[in-house]
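Structure record follows, encoded as structure tokens.
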Amino acid sequence: MIRVLLVDDQTLIREGIKSLLALSGQVSVVAECKDGSEVVAAVRQHQPDLILLDLSMPVCDGIGALRLLQQAGLNLPVLILTTFEEHDLVLQSIQLGARGYLLKDVSLQALTQAIVTLTQGGSCFQSSVTERLLAGIKPAAMPADRHDIDALSEKELEILQLMAGGYSNKEIATALYKSEGTIKNQISSILIKLGVRDRTRAVLLGLELGLIQQR
């Protein structure tokens, strides 16, 4: 059973998600938090395999929770569940290490599969959310020369896939047996070829162009 920490300020939502996941036979909600300020203590106490995190919460929202986890040095998969009110929050969550995001109207099967995928080291980006994010950043993200996209090497595509998984330069370097400096240079090359200014836009454009495998 995959052990999940569920973070959402609405009791009814938590109870509903908990009951549904219990039906999957693969996932168990081992702890619940009503806001992000409780997340670090809950992770240390219950040792979950994954955090299922709402973005919009009082006191401490999902972005605040991700920052607290980062500050505490707690690195575990985080799957965002969002109503997609503000795409900037989704972008920030990716930058802070979230490995996936889904809309709250997702099916139980899709939610369960996403949880399994993230705990196996993958990522999961719901296509409808990605399309809406891209609509907001496309003018700044689209490269001037499509040939630059085609020029991405096999190794650069592999690095882009790891970037989509929320891995840091150091983690990518370890996974690929390269120095951190080499990875930094290769990521800079990827950004130039895609015509984007940061990792988040590179991942989103990679998703749109089919350069990244969506799990």
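The values are calculated or read from the model by the stated rules, or taken from the named source; none is laboratory data. Model, not experiment: these values are computed from the prediction. Ideal geometry is used to build each Cβ from the backbone, glycine not excepted, and the neighbour counts take in all protein chains shown. Note: areas computed on protein heavy atoms with side chains; ligands, DNA, RNA excluded. Shrake-Rupley method; radii C 1.70, N 1.55, O 1.52, S 1.80 Å.
Full extension of the chain between VAL59 and GLN10 gives 16.3 nm of extra length, using 0.36 nm per residue less the Cα-Cα distance.
Among ASP35, ASP54, ASP88, the largest mean-square fluctuation in a Gaussian network model of the chain (Cα springs under 10 Å) belongs to ASP88. One entry in (i) 18; (ii) 12; (iii) 28 is percent of Cα pairs over 32 Å apart calculated from the shown coordinates; its label is (i).
Comparing ARG99, ARG197, ARG14 in a Gaussian network model of the chain, where Cα atoms under 10 Å apart are tied by springs, the biggest mean-square fluctuation is seen for ARG197. Heavy-atom accessible surface of the chain, averaged per residue, reaches 48 Å², computed with a 1.4 Å probe.
Each Lys and Arg contributes +1 and each Asp and Glu -1, all at the Cβ; summed about the Cα centre of the chain, the dipole is approximately 420 debye. Specify which residue in the list LEU21, LEU66, LEU50 is farthest towards the positive end of the charge dipole of segment 1-74, using unit charges on the beta carbon of Lys, Arg (+1) and Asp, Glu (-1), about the Cα centre. Final value for the positive-end residue is LEU50. Tell me, what is the FRET efficiency for GLN26 and LEU76 to the nearest 0.05, using R0 = 22 angstrom and their Cβ-Cβ distance as r? Using R0 = 22 Å, I get an efficiency of 0.80. Within the listed set GLN92, GLN113, GLN45, the Gaussian network model of the chain (springs between alpha-carbon atoms below 10 Å) gives the highest mean-square fluctuation for GLN45.
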